[in-house]
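Structure first, then comments.
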Amino acid sequence: MRFEAGFCKNTICQTQNSDLFMFDAHLRPLIDPPLNRLGLILAGTGLTANSVTLAGFAAGMGAAIAIATGHTLIGLFLIAVNRFADGLDGALARATAKTDLGGYLDITLDFFFYSAIPLAFAIQDPASNALPAVALLASFYANGSAFLAFAVMAEKNKLTTDAQGSKSLYYIGGLAEGTETIALFLLMALVPAWFPALAYGFAAICVVSAGARVLIGVKALRQTGR
């Protein structure tokens, strides 16, 4: 299946074709409408997007602590809470007003959360999990670098997209997105003994995804002529 990541500059839209299959882009039309309805309801209560972001982050850190201390099923539940909050804060922001502060907190705390879960498994069982966790974190670092560096250049060149939903920044999709990563974390928490194999396998996918993001980013930025 082919995925088209659209971007627009000076109102002229172009497309990039990639063979990358992204669950995020296909799930957005399914999960955004109910979240947006809930966001509208909660916005009327005075609940803010940033408070939901912070509450979700607290749940994510609680998940890491639970996993590190061997309570992986509690960790699984808290990971799910974190991800629900991550969707709900965006819906609340769309129902009220999106801010740079909100976007900054959202992406920054997401990265903190994504790094905390592999670390928690390494703490839980250093002998079996430390090296796989390092491999996974290194692959996250590579993906994050490609992700954020292109977002900076996209902002500079006024590139936009809604392929991954309405976001505070434009990023290139890849094989390893949020949906896949959360499915991985949930499976790890459900079957902790599988952590080494899952970590190594997903790290390989992330490395391929990071490489593809770099190539697509180079192509996109060359088209800007800058």
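The values are calculated or read from the model by the stated rules, or taken from the named source; none is laboratory data. Bear in mind the structure is a predicted one, so any value in this text is a computation, not a measurement. Using ideal geometry, Cβ is built from the backbone for each residue, glycine included, and neighbour counts are taken over all protein chains shown. The protein model used for the area step is the full one, side chains on, heavy atoms only, and it has no ligands, DNA or RNA in it. Shrake-Rupley method; radii C 1.70, N 1.55, O 1.52, S 1.80 Å.
Remark: pairs (first residue in the range 56-80, over 23 Å from I107 (Cβ atoms); second residue hydrophobic (A, V, I, L, M, F, W, C) and open to solvent by 20 Å² or more (accessible area, probe 1.4 Å); Cβ separation under 7 Å; 6+ apart in sequence or on different chains) = A66/I74; A66/L78; A68/I123; L76/L186; L76/L190.
Of all residues in the range 179-188, none satisfies being surrounded by 15 or more Cβ atoms within 10 Å (Cβ to Cβ), at pLDDT below 75 and under 24 Å from G103 (Cβ atoms). Pairs meeting the criteria (first residue in the range 103-132 and in contact (Cβ under 8 Å) with a residue 60 or more places away in the chain and in a helix (DSSP H, G or I), second residue among the aromatic types (F, W, Y) and surrounded by fewer than 17 Cβ atoms within 10 Å (Cβ to Cβ), beta carbons under 8 Å, at least 6 apart or on different chains) are P132/Y200.
In this structure, is A91 more than 13 Å from the chain's Cα centre (by Cα) and surrounded by fewer than 20 Cβ atoms within 10 Å (Cβ to Cβ)? Considered against the rule, which asks whether it is more than 13 Å from the chain's Cα centre (by Cα) and surrounded by fewer than 20 Cβ atoms within 10 Å (Cβ to Cβ), A91 comes out as no. Note on the range 106-156: residues that are farther than 26 Å from A91 by Cα and among the β-branched types (V, I, T) total 2.
Restrict the check to the range 109-121 and report whether at least one residue is open to solvent by 60 Å² or more (accessible area, probe 1.4 Å) and out of contact with any helix residue (DSSP H, G or I) (no Cβ under 8 Å at 6 or more places or on another chain). So far as the range 109-121 goes, no, none of its residues is open to solvent by 60 Å² or more (accessible area, probe 1.4 Å) and out of contact with any helix residue (DSSP H, G or I) (no Cβ under 8 Å at 6 or more places or on another chain). Scanning the range 47-65 for residues that are at pLDDT 95 or above, open to solvent by 40 Å² or more (accessible area, probe 1.4 Å) and farther than 13 Å from L101 by Cα yields A55, F57, A58, M61, I65. From the list A203, A210, A199, the lone residue that is at pLDDT below 90 and open to solvent by less than 50 Å² (accessible area, probe 1.4 Å) is A210.
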